[in-house]
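The values are calculated or read from the model by the stated rules, or taken from the named source; none is laboratory data. This structure is a prediction, so every number in the text was calculated from the model and none was measured. Cβ: placed from backbone, ideal geometry, glycine included. Neighbour counts: every protein chain shown. Heads up: the accessible areas ignore ligands, DNA and RNA and are worked out on the full protein's heavy atoms, side chains in. Shrake-Rupley method; radii C 1.70, N 1.55, O 1.52, S 1.80 Å.
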Amino acid sequence: MRTEHILIIRFSAIGDVAMTVPVIASLAKQYPHIRITVLSRAFARPFFEGLAPNIGFMEADLKNEYRGVKGLNKLYRRLTAKHFTAIADFHGVLRSHYLRLRFHLERFKVEHINKHRMARRRLTSANNKRMELLPTPFENYAEVLEKLGYPVKIDFQSFFPENGGDLSLLPTSMSHKPTAQKWIGIAPFAAHQGKIYPAEKMEQVIQMLAVKHPESRIFLFGGGEKEREIFRQWCHSFPQCTSVPEHLAGLYKELVLMSHLNVMVSMDSANMHLASLVATPVVSVWGATHPYAGFMGWRQPADHAVQADLPCRPCSIYGNKPCLFGNYTCLKTITPELIFDKIEKILGQSQTTCN
């Protein structure tokens, strides 16, 4: 009898791949007799190595080695050598569609994600907008597995044990957290302007935190070189601040640090999902996008979201469309005080838990 071996395909951005982790970890736990291989981009390896003994990882560079139809055919031949018994397409784009078509023609068992595109269009429509909570990616991924014959109850808690990742893996300056000291993460950037809170307003949030919690540490996550220059300015103005990109290299180490934060402040972006994977509460800031699209971080309460109640929201699922009015009022009307108050509420809850 052939060993059951599932191939799960999910490329795309880091946040999208991060959202597969609770589902795949639950699948591995509930079906320990099956083998699972995740096919993704190289950056995703730390998500899955060591996640469960029956999970493997394959990386594929679709921009170079496996580019175009010729490259996809080469990738397909590599995949068929693994003798999979089921194919789960968690991505649902042209490249994954081509791969699953080839598998289907060879009579493999294949299922793919339903992205509910019609419901998304209704949610983001400028006219006759329908404000309905859409299925989450977690639910969509689980639906694919159920169609393949593997119904899953998603019971994932954290990437690390309850006490967090191993701080000794980090530089000396981050390798110990005093019991009473609050560690606050701030990830103020995103891939698209429609999801980025104005930097001058986020600086005000940092200033309020520095005044209220002078002994705290504030860790700044993410960003390219332009954004890191902003981090340098904030670190100069506020001694509590540390620019994470200047000190840590690698996704795994960032996850370790995030697991010891009392709270993370993030846009609707990858860092919201990364912090969620390590059970850290997240104050998420939403502009052009909306939690109703289903992209809230794993197990993050709805009341941790900060957003403006405007009739034009959401105008985009991913935040990549230009503002209809050109001014991103959805972000500019969110006051620093509102974000600060959300942070304070979570810090108060964590203090109560510790006591």
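List pairs: first residue in region 118-137 and touching a residue at least 60 places away in the same chain (Cβ under 8 Å), second residue open to solvent by 50 Å² or more (accessible area, probe 1.4 Å) and not in a loop (DSSP other than H, G, I, E, B) anywhere in the structure, Cβ distance under 8 angstrom, at least six positions apart or on different chains.
Pairs found: 123/292; 129/122; 131/292; 132/122; 132/292; 133/292; 134/292; 135/143.
Can you find a residue in region 3-17 that is of a type in the set (A, V, I, L, M) and assigned to a loop (DSSP other than H, G, I, E, B)?
Within region 3-17 (the criterion being of a type in the set (A, V, I, L, M) and assigned to a loop (DSSP other than H, G, I, E, B)), the answer is yes, since at least one residue qualifies.
Could you tell me whether any residue of region 127-138 is part of a loop (DSSP other than H, G, I, E, B), open to solvent by 30 Å² or more (accessible area, probe 1.4 Å), out of contact with any strand residue (DSSP E or B) (no Cβ under 7 Å at 6 or more places or on another chain) and at pLDDT below 95?
Of the residues in region 127-138, the ones part of a loop (DSSP other than H, G, I, E, B) are 127-136.
Right, trim to open to solvent by 30 Å² or more (accessible area, probe 1.4 Å) and you get 127-133, 135-136.
Okay, now just the ones that are also out of contact with any strand residue (DSSP E or B) (no Cβ under 7 Å at 6 or more places or on another chain), so 127-133, 135-136.
Now drop any that are not at pLDDT below 95, which leaves 127-128.
Scanning region 127-138 turns up at least one residue that is part of a loop (DSSP other than H, G, I, E, B), open to solvent by 30 Å² or more (accessible area, probe 1.4 Å), out of contact with any strand residue (DSSP E or B) (no Cβ under 7 Å at 6 or more places or on another chain) and at pLDDT below 95.
Given region 247-355, what strands (runs of 3 or more DSSP E) lie entirely inside it while holding 3 or more residues that are in contact with a Pro (Cβ under 9 Å, 6 or more places away or on another chain), closer than 27 Å to residue 25 by Cβ and modelled with pLDDT of 95 or more?
Details: elements: 263-267, 282-286, 305-307.
Filter on region 247-355 gives 263-267.
Filtering region 85-94 down to residues that are out of contact with any Phe, Trp or Tyr (no Cβ under 7 Å at 6 or more places or on another chain) and not acidic (Asp, Glu), which residue is nearest to residue 24 (Cα to Cα)?
This residue is 88.
This table checks each residue for (1) at positive phi; (2) among the β-branched types (Val, Ile, Thr); (3) touching a strand residue (DSSP E or B) at 6+ places or on another chain (Cβ under 9 Å); (4) at pLDDT below 95.
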residue	(1), (2), (3), (4)
60	no, no, yes, no
69	no, yes, no, no
72	no, no, no, no
78	no, no, yes, no
84	no, no, yes, no
90	no, no, yes, no
103	no, no, yes, no
106	no, no, no, yes
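Please work out which one of (1) aliphatic (A, V, I, L, M); (2) in contact with a Pro (Cβ under 7 Å, 6 or more places away or on another chain); (3) surrounded by 22 or more Cβ atoms within 10 Å (Cβ to Cβ) is the condition residue 218 fails and give its number.
That leaves (2) as the condition not met.
Taking residue 67 as the residue in question, decide whether it is surrounded by fewer than 17 Cβ atoms within 10 Å (Cβ to Cβ) and either among the aliphatic types (A, V, I, L, M) or closer than 28 Å to residue 312 by Cα (or both). Steps first, answer last, please.
On the way: surrounded by fewer than 17 Cβ atoms within 10 Å (Cβ to Cβ): yes; either among the aliphatic types (A, V, I, L, M) or closer than 28 Å to residue 312 by Cα (or both): no.
It is false that residue 67 is surrounded by fewer than 17 Cβ atoms within 10 Å (Cβ to Cβ) and either among the aliphatic types (A, V, I, L, M) or closer than 28 Å to residue 312 by Cα (or both).
Does any residue in region 95-114 that is without any contact (Cβ under 8 Å) to a residue 40 or more places away in the chain and closer than 25 Å to residue 136 by Cα come within less than 7 Å, Cβ to Cβ, of a residue that is open to solvent by 80 Å² or more (accessible area, probe 1.4 Å) and assigned to a helix (DSSP H, G or I) six or more places away or on a different chain, and which pairs are these?
Between residues of region 95-114 that are without any contact (Cβ under 8 Å) to a residue 40 or more places away in the chain and closer than 25 Å to residue 136 by Cα and residues that are open to solvent by 80 Å² or more (accessible area, probe 1.4 Å) and assigned to a helix (DSSP H, G or I), the close pairs are 110/104; 111/147.
For residue 182, indicate whether it is among the basic types (Lys, Arg), surrounded by fewer than 17 Cβ atoms within 10 Å (Cβ to Cβ) and out of contact with any Gly (no Cβ under 6 Å at 6 or more places or on another chain). Lay out the reasoning, then the answer.
Values: among the basic types (Lys, Arg): yes; surrounded by fewer than 17 Cβ atoms within 10 Å (Cβ to Cβ): no; out of contact with any Gly (no Cβ under 6 Å at 6 or more places or on another chain): yes.
No; evaluated as a whole, the condition is false for this residue.
Filter region 28-61 down to the residues that are under 19 Å from the mean Cα position of the chain (by Cα), over 19 Å from residue 81 (Cβ atoms) and open to solvent by less than 10 Å² (accessible area, probe 1.4 Å) and list them by number.
Matches in region 28-61: 44, 47, 48.
Name the residue that is surrounded by the most Cβ atoms within 10 Å (Cβ to Cβ), counting only residues in region 73-123 that are touching a Leu at 6+ places or on another chain (Cβ under 7 Å) and small (Gly, Ala, Ser).
Among residues in region 73-123 that are touching a Leu at 6+ places or on another chain (Cβ under 7 Å) and small (Gly, Ala, Ser), the one surrounded by the most Cβ atoms within 10 Å (Cβ to Cβ) is 88.
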